[in-house]
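Trainee: Dropping a structure here in structure tokens format, bear with me for questions.
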Amino acid sequence: MRGYFRRLVASCIDRAGIGAGLRWKLSAAIALVGALVAIALSLVVHNAARVSMLDNARDLADERIMIAQRNYELSGRLNFPGTKIDDPELPEELREKAEAGRRATYVADRPGGAPDIWAAVPLKNGHVMSLHSGFTDRSSNILKDLDRALVIGSIAVVLGGSALGVLIGGHLSRRLRKAATAANRVASGETDVRVREAIGGVVRDETDDLASAVDAMADALRQRLEAERRVTADIAHELRTPVTGLLTAAELLPPGRPTELVLDRAKAMRTLVEDVLEVARLDGASERAELQDILLGEFVARRVAAKDPDVTVRVVHESEVTTDPRRLERVLFNLLANAARHGRPPVEVTVEGRVIRVRDHGPGFPADLLAEGPSRFRTGSKDRAGRGHGLGLTIAAGQARVLGARLTFRNVRPAGAPDEVPAEGAVAVLWLPEHAPTNTGSYPVLPQ
């Protein structure tokens with residue numbers, strides 16, 4: 001029965017199309033339960049009151065028929081109002097009981113009206129005396145007043161239950177929203193956020209258990225990531241010395257094609273080791289920017305010209321920014337290297353205010369990079385496989401975070417073209433912050 005009731009409540013909520021949140025679902029559930037309980041109690045009270053009144057009316061009719069019987073036997077005349085001898089309208093069931101020698105009462109329901117009260121008693125001469133009366137107006141009024149009070153009480157219960165549901169659901173919904181917000185902050189990399197502290201409150205409920213479980217899971221994941229980062233950093237650090245020795249030894253080899261190949265691979269290995277160490281430092285969230293005031297357009301033009309004169313730089317709007325020039329240069333050079341390695345010329349750099357755009361005219365960024373962002377040791381689509389280690393954009397994104405900047409990626413397609421149309425190039429956009437990232441622990445170093 002309880003299972004059926006739960007299914008009924010859930011079905012009614014679903015049919016009502018309530019999807020506005022936990023608060024309204026809980027309010028609707030409490031209101032529905034309150035309405036069902038109120039209706040059930042109202043029916044029980046109404047029937048109990050009606051049966052009690054009918055029993056009283058039958059007892060009164062029984063007393064009156066007894067008085068009428070004594071008066072008739074003493075005087076031989078019907079001197080009591082409402083009594084008849086052998087009334088043809090007497091209900092057949094009551095007539096049979098009276099003819100069997102029993103005094104009895106009977107209630108006859110009339111459709112849409114008050115019930116009839118009958119009483120019958122056998123006389124000594126073999127006839128049947130009966131008394132016919134209706135349900136009194138006073139009893140009908142009392143029953144109507146009771147029904148009116150039950151209806152008002154039921155409405156009050158439903159409204160009160162709805163209000164209570166809104167309050168309880170709102171409180172629980174607010175706690176869950178706070179927990180979700182804190183969990184999202186943890187997922188975005190804020191390691192000092194605790195979900196349990198974020199939801200607060202004095203009352204302890206299942207939300208606190210959920211928050212504690214999320215905190216425990218975040219701590220375990222954080223420890224595991226930190227352990228993996230330390231292992232990666234240790235391995236890269238231990239490889240640095242032998243790789244440096246290998247590169248030094250290769251430089252001592254006699255000139256020739258084999259020596260060039262060994263030197264090339266040794267330099268590539270050293271670059272990989274340095275990149276892995278840099279990624280490990282960025283993952284440790286211990287990097288701090290050393291800030292200076294620079295003219296962004298002039299800075300980008302000079303650095304790009306020194307790196308690759310074939311790259312076109314266009315300064316739409318000059319802007320003075322406070323940033324770390326070394327890290328900004330690292331981001332810029334990694335984006336240019338990615339465009340040169342995976343794209344096609346011409347490569348264009350545009351500076352507009354605090355925004356730097358690097359565009360190539362190649363096949364575009366792979367779909368997984370656009371959806372999930374850069375990932376180490378993943379180069380993307382097949383046409384990019386085998387070239388690079390996937391660390392360049394990862395380092396660029398990490399250095400951008402240290403600068404308080406935002407790095408986004410998109411592909412260039414004709415206006416209105418679907419995703420199936422091949423891209424006409426890839427664009428990486430670096431959005432420098434309006435204010436210096438002092439909230440990350442950076443400190444300004446003003447130019448001399």
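Trainee: Leaving out ligands and nucleic acids, and using a 1.4 Å probe, what accessible area per residue does the range 282-331 come to in Å²? The partial results should precede the final answer.
Mentor: Numbers: 2720 Å² over 50 residues.
Here the per-residue accessible area is 54 Å².
Trainee: Write out the GluC sites (Glu not before Pro) in the range 310-361 meeting two conditions: DSSP loop, and at most 16 other Cβ atoms within 10 Å of their Cβ.
Mentor: Those that pass, being in a loop and sparsely packed, are Glu318.
Trainee: Peptides 287-300, 56-69: what's the order by average Cβ count within 10 Å, highest mean first? Write out the running numbers ahead of the final one.
Mentor: On the way: 287-300: 18.4, 56-69: 16.8.
Highest-to-lowest ranking by the protection proxy: 287-300, 56-69.
Trainee: Also, I was wondering about something else. What list of ³J(HN,Hα) couplings, whole Hz, do you get for the range 143-155 from phi and the Karplus terms 6.51, -1.76, 1.60, once you set θ to phi - 60° and write x for glycine and proline?
Mentor: Calculated HN-Hα couplings, in order: 5, 5, 5, 5, 4, 5, 5, 5, 5, 4, x, 5, 4 Hz.
Trainee: Restricting attention to the alpha-carbon atoms of the range 34-105, what are Rg (one decimal) and Dmax (integer), both in Å?
Mentor: Looking at the range 34-105, its Cα Rg and Dmax stand at 18.0, 61 Å.
Trainee: Can you sort Met217, Met53 by 1.4 Å-probe accessible area, starting with the largest? Could you put the intermediate results ahead of the total?
Mentor: Values: Met217 125, Met53 35 Å².
The ranking, largest first, comes out as Met217, Met53.
Trainee: Could you order peptides 96-106, 242-252, 25-35, 118-128 by the average number of other Cβ atoms within 10 Å of their residues, highest first?
Mentor: Numbers: 96-106: 15.4, 242-252: 13.2, 25-35: 20.0, 118-128: 17.2.
Top of the packing list down: 25-35, 118-128, 96-106, 242-252.
Trainee: Moving on to the next point. Using a 7 Å offset from the Cα along the Cα-to-Cβ direction at both Leu261 and Thr181, what is the distance between the two label points in nm, to one decimal?
Mentor: 6.2 nm
Trainee: Add +1 for every Lys or Arg and -1 for every Asp or Glu among the other residues with Cβ under 15 Å from the Cβ of Ala250, and state the total. The partial results should precede the final answer.
Mentor: On the way: positive: Arg257, Arg265, Lys267, Arg270; negative: Glu251, Glu260, Asp264.
Residues close to Ala250 contribute a combined charge of +1.
Trainee: Sorting check: for 192-200, 392-400, which peptide has the highest mean count of neighbouring beta carbons within 10 Å, and how do the rest follow?
Mentor: Per-residue mean Cβ counts within 10 Å order the peptides as 392-400, 192-200.
The values are calculated or read from the model by the stated rules, or taken from the named source; none is laboratory data. Predicted model only: the values in this text are computed from it and were never measured. Every residue, glycine as well, gets a Cβ built from its backbone with ideal geometry; the counts of neighbours run over all protein chains shown. Accessible surface is based on the protein model in full, side chains and every heavy atom, while ligands, DNA and RNA are left aside. Shrake-Rupley method; radii C 1.70, N 1.55, O 1.52, S 1.80 Å.
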